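Contents: one structure, followed by commentary.
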Amino acid sequence: MDKKWLHIFLSILLMTSLSACQRPAEGTNESAKESIVIGFSQSGTESSWRKRHTESIRTELEKEGYEVLYRNGYMNQERQIQDIRSFIVYQVDAIVFTPLQEDGWEPILEEAAKAGIPVFIVDRHVDLADPSLFLTHIGPSFKAEGNRAGLYVSNYFKHHENETINVLELTGLSDTSPTQLRSDGFRETIKRDYAKNNVTIQVTDALNGDFIRRKGKEVIEQYIAEGKMDDIDVLFSHNDEMTIGALEALKQTDIVPGKDIVIVTIDAQKEMIDNLKNGIVNCVVECNPDAGIFVKNAISRYLSRGRSAVPKEIYVHETVFSSDMDFDQIPPRNY
Ligand code: GYE
């Protein structure tokens, strides 16, 4: 085939594939006209928490009778941008979007705004000069999670007057609001309680594990190899997956987790609740993945009462589980 024919052939192919993913125009198909279509772009599947989060949103939206177009971004921002663009081409009624990171979303959200499609941001935040580009943000208070982790540590060491407590922080993916705000919240509380109790609690080192189990294990192994682990009193980990990795790494030492080192972790996946019951970790700060009901309510409100009926920020409720509580009170979880 010469170049000219190849060009014509490729153009036809592109046009047919685009029209295949375009939504039929109003009035051409009764059932398409009636059903509400939601495009849901999830950032990845890096943790059991994340899988539960996806399942919760899909289930609640489908239960409500909405048609859900689901795309997994596999922790790749470019891919997520393409997924959102495909929702715009399809002319969905709303976009639900769980951003991988904070920066770089302005252009695609401008495209959605031009197309008149409301955007519901869930879980992590986006950093935008123009906040009107999204309708609402639905998620946890990451700062409060950090505060709760810090509060457990300062209470645990409150009688250690004039001592210095060394914390090793295992942080999540950088340029994300949970990482930034969990760190801020933790530091805020240990500083405040230091003034009260006269115990110095300091973050001696912070290692990055990207919220991923394997990376958590690697950086802790490296820290152990450098001979620094023996000075650490507390491990504050930004998620359970990295904590599991850290616990695997600690097996190579004679440090007993939960006793020689206090472990505070965030998420509350089932495996970590079991570890809490077995005394392997000391405190599990819940991060609630069940966002589905909040997302469904916000979309329904928007559809029946318009933009102004939806608050700009919607918080999901969360709690904390620790070694000093009655374990029977912990609701069973399947993630
Ligand atoms: O803590 C972690 C997940 O963004 C709050 O991402 C979420 C975090 C959650 O991979 O497990």
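Per-residue counts of other Cβ atoms within 10 Å, averaged by peptide: what ranking do you get for 62-71, 81-90, 242-251, highest first?
Ranked by mean Cβ neighbours within 10 Å, highest first: 242-251, 81-90, 62-71.
Relative to the first principal axis of the alpha-carbon coordinates of the chain, what is the inclination of helix 240-250, with its axis defined by its Cα atoms, in degrees from 0 to 90 and to the nearest 10?
40
How large is ³J(HN,Hα) for each residue in the stretch 319-335, as worked out from phi by the Karplus curve 6.51 cos²θ - 1.76 cosθ + 1.60 (θ = phi - 60°), to whole Hz, x for Gly and Pro?
Karplus values, whole Hz, x for Gly and Pro: 9, 9, 10, 9, 4, 8, 9, 7, 4, 5, 7, 7, x, x, 10, 10, 9.
How far apart, in nm, are the 7 Å Cα→Cβ label points at Lys228 and Ile293?
It is 4.3 nm.
With a ≥ b ≥ c the root eigenvalues of the C-alpha gyration tensor of the stretch 142-287, is it rounded (a/c under 1.5), prolate (a/b larger than b/c) or oblate?
Here the stretch 142-287 falls in the rounded category.
Taking 37 °C and 0.692 mPa s as the conditions, I'd like the Stokes-Einstein D for the chain in µm²/s, using the Kirkwood hydrodynamic radius from alpha carbon pairs.
Approximately 150 µm²/s, per Stokes-Einstein.
Is any residue of the stretch 117-131 close enough, with backbone N under 11 Å, to a label point placed 7 angstrom from the Cα of Glu318 along the Cα-Cβ axis, and if so, which?
123-124
The numbers here are math on the coordinates, done by the rules we state, and not lab data. Fair warning: this is a prediction, and the values are worked out from it, not measured in the lab. Note that each Cβ is placed from the backbone with ideal geometry, even for glycine, and that neighbours are counted across all protein chains shown.
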